[in-house]
Amino acid sequence: MKAEARLMPKQGLWLVPVVALIALSAPRMEFGRVGLAFASDASAPDIAGLARFWPPQIETRTDIANLPSLDPDRLPPFSRLETSTAPIRELDPDTLETTTRMSQRTWLVSPLGYLGDVALRMVETIEIGLWGTLLAVVAGLPLAFARSRAIGLPFALQISARLSCAALRALPELLVALLLVGAIGFGPTAGVLALGVHAAGFIGRFYADAFDDADQHPIEAIRATGAGRMSVFIVAVLPQVRASLASATLYILDRNVRMATVIGIVGAGGIGQELKGRIDLYEFGHATTIVIAIFIVVAILDEFAAHLRKRQSS
Amino acid sequence: MSGTGFSISVRDLSLRHGNGDVVLTGAAVEVAPGTICALLGASGSGKSSLLAALGGRLAPVAGQVLIGGRPMISRSRRRVQARIGTTYQDHRLVAQATVLDNVLAGLAPHVPWWRCATGRYAPAHLTRATDLLERLGLHAALHHRRAGSLSGGQAQRVGIARALVARPSLLLADEPIASLDPQTARDVLALIAREARESGATVVCALHQPELAATFADRILTLHEGAFRAGVEQPQRSAA
Ligand SMILES: Nc1ncnc2c1ncn2[C@@H]1O[C@H](COP(=O)(O)OP(=O)(O)OP(=O)(O)O)[C@@H](O)[C@H]1O
Ligand SMILES: [Mg+2]
C-alpha cells in the first residue's frame, strides 16, 4: 500500500515536461501554418500551398528572343514553336503612365526537355556519390590500417588514427559542403570533398573493425613464417575480410548517393542545387519533377544494393 | 630453398603463458641438424608451448632457444622463421581461401607480395603445391574448395602441405596425424620423414602414439613435469 502510494505520482511525472512543451513551445512553432498547405489561394506570394506543386513540369520553354542563332526551319528534334499573346504592363517613358499593351512572344518548347535536364543533373549527382566513395576508400584505407589492432602498427599511430576517424565522422557532410562552397565555390567539387571526408571516417572504422574481427589464428600462423606485413595481409587477412569490405563500401556508396541529392542545397552540385534554385524561383512544378526523380533513383538504388547484398551472402 | 637442416639448442628454458601458467622450467636439449624427433608427453605437458618457443612465437621467461645457432628472440628471427615450417593442432587455415591458396600461403616469405595478390606463382611453386596435396591424398577436385568446408583430417593435411611447400630446414609439427585414420596417419608420417630426408631438414613432431614414434623418429623427446625426461631416448636410426 505504502509503496503504491509513493509510485502513483511518480508514474505520471513524465506528463509534466510534455505539458510544458505544449504550453510553452507550441505557439512558437506556428503549427497553424500546416493549414496553409491546403489553402487554394495562398495569401502571400512566398507561400505556395501544395496545389502549386502540381502538375510536375517536364517541358522547357525558351523565349526565342534569347536564342538569336535559332533557325525556325531547323528546330532541335522533338521541339516546336509556340506563340502566345499576353498583356504586359509597362511604363510609357513619355507620359510616365503605365499602359497595357498586347505583346506576342514566341517560345521554343521541348516537351520533355526538363526531364533531360533533370536526368543530366541526376547523373552528376550519382557521379558525386561515386567520387565521394572513391575518395573515402583512398583516404580511409590507410586510416584503417593504422587503426587496426590486428595489423599492429605502433600504438601511438593506432590511437591517432582512431581519433582521426572519429573526428571525420563527426563532421556532418552538409556542414563541410557549406564551408567548402565558401572556400572553393559552387559546384560538384565541394560535394565530392564533403562526402569523401565524412565517409573516410566511416571506411577507416568499418575496415579496421573487419581486420580486427578476422580470425587471428591463421594470421599469426602466416606471420610466424617470417613473411612481410604486406604478404601477411594479402594472404591471411584479405580473404577473410573481402566480403565485409565490399558490403561496407556498398553501404557508403548507397549513403553517399543519397547524401549527394541533398548537399546540392548548399550549392555543392548535383540535383539538390537544381531543386534549391527552382524553389527560390517559385517554380514549384519543376521542384515536383525533381523530387519524383530523386524518389525513383533512391528506390532503384535501394533495390540494387539489396540485390548485391543478397548475391554476396549466397 | 633446400638446404641443410637447422640445429636446435634449448638451454635452461622456462616458459609461461599470459595467464601465469608455468609450462616449462629449465628444460634443455640439443638436437643435431637433420634429426627427426618425436615429442611425447601427456596432454598439458607443454608440447605445443615448446613448439611455439622453437618457432619464435612464444618468448621464454628464462633461458634460450637457438635455431641454427641464432636466438629466436632477436630482431632477425624472421630470416630463420622463413625456413621453418609449422603445423598447428587446430590447423589455422584461412577458412575463406581455397585449399591451394592455403598451401601457397606457405611460400609467403619467399615470393614478392604482388605474386600472392595476383595469384601469379611460378609454375614450379604451383606444381610443388599440387604435388604435395596429391601425395597427401587430397586430389585435384579438392584444390579449389574453400578450406573452411574441409573435414578435420583434410584440413590437417592441407596444414602439412602448407608447412612443407617451401622445403623448410626445420619442421615443427603439432600432432599432425591427430585427425587421421591409422592407415593415412602412417602414410602421412612416412611422407614427412621422406621430405625431411630429401632436404636434410630437422623435424620436431609432437605425437601421442609411442609405437608410431618409435618407427618414425630418430630420437624421442619426452616432456614431463616441465622438463625433458632423461634417459628414455632411443638412438634407433631407421635405415630408410
Ligand atoms: N594460450 C594459452 N594461454 C594460457 N595457457 C595456456 C595456453 N596454451 C597452453 N596453456 C597451458 O599451458 C600448459 C601446456 O599446454 P600445451 O598446449 O603446451 O600442452 P600440450 O602438451 O600441447 O597438450 P596437448 O597434448 O593436449 O596438446 C597447459 O596447462 C595449458 O593449459
Ligand atoms: Mg598441444
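Values computed for the structure shown
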read-out	value
Qualifying residue in region B:63-78 (condition: outside any strand (DSSP E or B), modelled with pLDDT under 95, surrounded by fewer than 19 Cβ atoms within 10 Å (Cβ to Cβ) and within 16 Å of ligand 1 (Cβ to nearest atom))	no
Test: residue in region B:10-28 that is away from ligand 1 (no atom under 16 Å from the Cβ) and surrounded by 23 or more Cβ atoms within 10 Å (Cβ to Cβ)	no
Tally, over region A:229-270, of residues that are touching a Gly at 6+ places or on another chain (Cβ under 6 Å) and either crowded, with 22+ Cβ neighbours inside 10 Å or not hydrophobic (A, V, I, L, M, F, W, C) (or both)	9
Filter result (out of contact with any Pro (no Cβ under 8 Å at 6 or more places or on another chain) and not in a helix (DSSP H, G or I)) within region A:218-258	A:Ala224
Residues of region B:104-134 that turn out to be among the β-branched types (Val, Ile, Thr), in contact (Cβ under 8 Å) with a residue 24 or more places away in the chain and within 11 Å of chain A (Cβ to nearest Cβ), as a count	0
Some residue of region B:88-101 being more than 11 Å from chain A (Cβ to nearest Cβ) and more than 15 Å from A:Arg223 (Cα to Cα)	yes
Those residues of region A:143-161 which are assigned to a helix (DSSP H, G or I), exposed (fewer than 13 other Cβ atoms within 10 Å of the Cβ) and of a type outside the set (Gly, Ala, Ser), in sequence order	A:Phe155, A:Ile159
Selection count where residues are hydrophobic (A, V, I, L, M, F, W, C), under 16 Å from B:Gln96 (Cα atoms) and surrounded by 23 or more Cβ atoms within 10 Å (Cβ to Cβ), scope region B:140-165	2
Residue within region A:125-134 that is without any contact (Cβ under 8 Å) to a residue 40 or more places away in the chain and in a helix (DSSP H, G or I) present	no
Complete set of residues in region A:267-284 that are assigned to a helix (DSSP H, G or I) and out of contact with any Lys or Arg (no Cβ under 8 Å at 6 or more places or on another chain)	A:Gly272, A:Leu275, A:Lys276, A:Gly277, A:Arg278, A:Ile279, A:Asp280
Yes/no for B:Gly137 being away from every other protein chain (no Cβ under 14 Å), surrounded by fewer than 18 Cβ atoms within 10 Å (Cβ to Cβ) and not hydroxyl-bearing (Ser, Thr, Tyr)	yes
Of residues in region B:41-87 being of a type in the set (Ser, Thr, Tyr) and more than 7 Å from every other protein chain (Cβ to nearest Cβ), the one farthest from B:Ala147 (Cα to Cα)	B:Ser74
Those helices (runs of 4 or more DSSP H) lying entirely in region B:106-218 with at least 3 residues within 16 Å of ligand 1 (Cβ to nearest atom)	B:152-164, B:210-216
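The values are calculated or read from the model by the stated rules, or taken from the named source; none is laboratory data. Since the model is a prediction, treat every value here as computed from it, not as a measurement. Positions of Cβ are generated from backbone atoms using ideal geometry, with glycine treated the same way; all protein chains shown enter the neighbour counts.
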